[in-house]
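Asks: Supplied in structure tokens, the structure appears directly below.
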Amino acid sequence: MSIEIAKIQKNGDRSFSIWINGDEGFDEQKFLQLIEILGISNNERIFASVGPAQFIDEVHTEHGIFNLSQEFDEFAGTTIYSESSELIESIFNIMVNSDQYHARK
């Protein structure tokens, strides 16, 4: 069974994102292992909240920076976003070319 990538969108002029529903069972550590090929150099938690329960990590790669936001309350889900469309496209391609993720059609 693979995790469904529910939405890919351009947010305004500069931000691009991938969204995964919270019911899909996203595992941050498995995801980071999967994209190690992008050369992760730093992963830092830049925001944590209790209500709503949310974490945001800033991940630095050889190809740029992206944020990984996980919300666990009302709108549970994971958003992967960056100002770099090339980085998000690389992440997306790695995800769908694995047996762990598939894109909603």
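Asks: Any chance you could count how many residues in segment 31-43 are in a strand (DSSP E or B) and either over 27 Å from Asp99 (Cα atoms) or of a type in the set (Val, Ile, Thr) (or both)?
Replies: Adding up the residues that qualify gives 0.
Asks: Further question: Among all residue pairs at least 6 apart or on different chains, which show Cβ distances below 9 Å where the first residue, located in segment 35-59, is closer than 16 Å to Ile91 by Cβ and touching a residue at least 40 places away in the same chain (Cβ under 8 Å) and the second is among the polar types (S, T, N, Q) and assigned to a strand (DSSP E or B)?
Replies: Listed by first residue and then by second, the contacts come to Ile35/Thr61; Leu38/Thr61.
Asks: Restricting the search to segment 74-105, which residues are crowded, with 17+ Cβ neighbours inside 10 Å, of a type in the set (Phe, Trp, Tyr) and farther than 15 Å from Gln33 by Cα?
Replies: Within segment 74-105, just Tyr81 meets the criteria.
Asks: If Asn97 passes every condition in (1) touching a residue at least 24 places away in the same chain (Cβ under 8 Å); (2) over 29 Å from Val50 (Cβ atoms); (3) more than 13 Å from the chain's Cα centre (by Cα) but one, which one does it miss?
Replies: (1)
Asks: Separate question: Only residues that are farther than 22 Å from Glu86 by Cα and hydroxyl-bearing (Ser, Thr, Tyr): list them for segment 28-74, please.
Replies: Ser49
Asks: Tell me which of these Ile40 doesn't satisfy, since it passes every other one: (1) exposed (fewer than 11 other Cβ atoms within 10 Å of the Cβ); (2) at pLDDT 95 or above.
Replies: (1)
The values are calculated or read from the model by the stated rules, or taken from the named source; none is laboratory data. Bear in mind that the values here come from a model prediction, so they are computed numbers and not experimental data. Note that each Cβ is placed from the backbone with ideal geometry, even for glycine, and that neighbours are counted across all protein chains shown.
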